[in-house]
Structures are given as structure tokens and as C-alpha cells.
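The values are calculated or read from the model by the stated rules, or taken from the named source; none is laboratory data. Keep in mind that this is a model prediction, so the values were computed, not measured. Cβ atoms come from the backbone with ideal geometry, glycine included; neighbour counts cover every protein chain shown. For accessibility, only protein heavy atoms count, side chains too; no ligands or nucleic acids. Shrake-Rupley method; radii C 1.70, N 1.55, O 1.52, S 1.80 Å.
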Amino acid sequence: MLEAAAARDWMLESAASVARERGRLTELDAAIGDGDHGTNLQRGFTAVVAALGGFDPPTPGAVLVKAGTTLISSVGGASGPLYGSALRAVGKALDLPAADGKQLLAALAAGRDALQRLGGAVAGDKTMVDVWIPAVAEFDFALAGGASLPGAAASAAGAAGRGAEDTVPLQARKGRASYLGPRSIGHQDPGATSSALLFRALAVVLGREPG
């Protein structure tokens with residue numbers, strides 16, 4: 001079950017992952033974007049950690065809505081609204097004391113849908129959507145096959161990592177990278193890479209919890 005404490009831990013683990021990978025995210029973004037993805041996202045998640053520090057959430061959803069709202073207000077460029085909207089959508093779907101696998105699946109799907117509505121991206125556009133789509137699908141597939149919640153999260157994290165890597169041969173059709181046309185081919189998308197960190201953080205946290 002995903003309870004409020006685990007949702008908080010998810011955001012804290014995400015913040016730690018972003019801090020560790022800030023340099024790589026910035027390097028990836030320097031190749032096809034503005035070069036500030038790592039710095040901006042670390043600033044946002046640092047603000048999330050601060051916002052959650054004195055917050056006593058009644059539900060896991062309240063944690064994620066708070067995190068999403070904080071990212072929207074503290075991260076520049078497209079990343080803040082995209083990540084913030086996704087987490088807010090996940091959170092709004094988790095307005096209950098604890099979420100089981102099916103409830104978390106529905107919430108993650110809501111986050112994916114919010115991303116697509118806001119950014120207008122589809123699979124193959126070389127964006128964070130190229131991670132969210134396969135990660136949510138793999139979470140669903142694993143649950144349907146009888147996996148535990150931690151097991152489904154681990155499967156989703158694996159799919160997320162592969163999804164990020166699969167953006168390398170794609171030509172960007174959305175965002176700043178799309179201005180480069182064919183020159184965007186051969187580079188891993190930074191937003192997809194940071195999205196994979198988010199799914200990995202979820203798997204790490206749920207792996208500590210009872211199945």
C-alpha cells in the first residue's frame with residue numbers, strides 16, 4: 001500500500017536522485033535544450049523537500065498535490081508545469097488513506113494523461129511521455145500478472161529506464177529540442193531521463209515497504 005509516509009519518501013528519494021544526477025541531466029539538456037534541466041529540477045525538488053518538511057498530510061494524494069504545486073511555482077521553463085501537473089493529477093487520484101496497486105495504477109495513468117494534455121506529446125515525440133507511457137503500461141502488465149505492488153513498481157522502473165534510452169534515435173517533435181530537427185537525433189531526452197528517475201525512486205521506496 002502507498003500511504004502518506006511512503007508518498008513523502010517517494011518525493012524525498014526523487015529529490016535525492018535529481019541531486020545526484022543533476023550534472024548528467026544538465027549535460028543532456030545542453031546538447032538539445034537550454035542546458036538548465038538539472039539545475040532547474042534540483043531547485044524545484046529542493047523546494048518540495050522544504051515544503052513537505054512541516055506538512056502533515058492526511059493522504060498520499062495530499063503529499064503529491066503539494067509537491068506538484070511547489071514544482072509549478074519554483075521550476076522555470078516547461079519542466080515545472082509538466083512535472084507539477086503530472087504529480088497533481090496523480091495526487092488528486094489518491095485522495096484516500098492508502099492506495100493499493102490498482103489505485104496507484106489509475107493515479108499514474110492520470111499523471112500520464114495530464115502530461116499529454118498539457119504538452120500535446122505522443123509516443124515517439126522524444127519527451128517525458130516516452131517514459132510515462134511504457135512505465136504505466138508495464139505497471140499494469142505486472143499487476144495483471146500477479147506482481148506485488150513493489151514488484152510492479154520495479155517493472156515500471158525498468159520500462160521507464162528503457163523508455164529514456166529509446167529516445168536516443170528519435171527526432172524531437174516537441175519542445176526546445178524540436179527546433180534542432182534531425183540534429184536532435186542521437187541524444188537522450190533530458191525530460192525522459194529525469195522521469196525515469198522518478199519511477200526508479202518510487203520502486204526504491206515501495207521496495208522498502210511490505211508487499
For this session: For residues that are in contact with an Asp or Glu (Cβ under 8 Å, 6 or more places away or on another chain) and in contact (Cβ under 8 Å) with a residue 40 or more places away in the chain, scanning just region 63-98, find the one that is nearest to PRO150 (Cα to Cα).
Result: ALA98
For this session: Please identify the pairs in which a residue from region 129-157 that is free of Cβ contacts under 8 Å to residues at least 60 places away in the same chain has its Cβ atom under 6 Å from the Cβ atom of a residue that is surrounded by fewer than 21 Cβ atoms within 10 Å (Cβ to Cβ) and part of a loop (DSSP other than H, G, I, E, B), counting only partners at least 6 apart or on another chain.
Result: ILE133/ALA123
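Can you name every residue in region 11-38 that is of a type in the set (A, V, I, L, M) and either modelled with pLDDT under 90 or over 28 Å from GLY61 (Cβ atoms) (or both)? Explain how you work it out, then say what you get.
Taking region 11-38 as the starting set, the residues that turn out to be of a type in the set (A, V, I, L, M) are 11-12, 15-16, 18-19, 25, 28, 30-32.
Matches in region 11-38: LEU28, ALA30, ALA31, ILE32.
Would you confirm whether any residue within region 35-42 is of a type in the set (Gly, Ala, Ser) and in a loop (DSSP other than H, G, I, E, B)?
The initial filter retains those residues of region 35-42 that are of a type in the set (Gly, Ala, Ser), namely 35, 38.
In the following step, the residues that additionally are in a loop (DSSP other than H, G, I, E, B) were identified as 35.
So far as region 35-42 goes, yes, one or more of its residues are of a type in the set (Gly, Ala, Ser) and in a loop (DSSP other than H, G, I, E, B).
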For this session: Tell me which residues, restricted to region 163-193, are touching an Asp or Glu at 6+ places or on another chain (Cβ under 9 Å) and closer than 21 Å to ALA203 by Cβ.
Result: GLY163, ALA164, ASP166, THR167, GLN188, ASP189, PRO190, GLY191, ALA192, THR193
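Go through region 196-210 residue by residue and tally those that are at pLDDT below 95, part of a helix (DSSP H, G or I) and in contact with an Asp or Glu (Cβ under 9 Å, 6 or more places away or on another chain).
Residues meeting the conditions: 1.
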Problem set entry | Of residues in region 142-193 being under 14 Å from MET128 (Cα atoms) and among the β-branched types (Val, Ile, Thr), the one nearest to the chain's Cα centre (by Cα) | THR193
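Within region 174-187, is there a residue that is closer than 17 Å to VAL90 by Cβ and open to solvent by less than 20 Å² (accessible area, probe 1.4 Å)?
No, there is no match, as no residue in region 174-187 is closer than 17 Å to VAL90 by Cβ and open to solvent by less than 20 Å² (accessible area, probe 1.4 Å).
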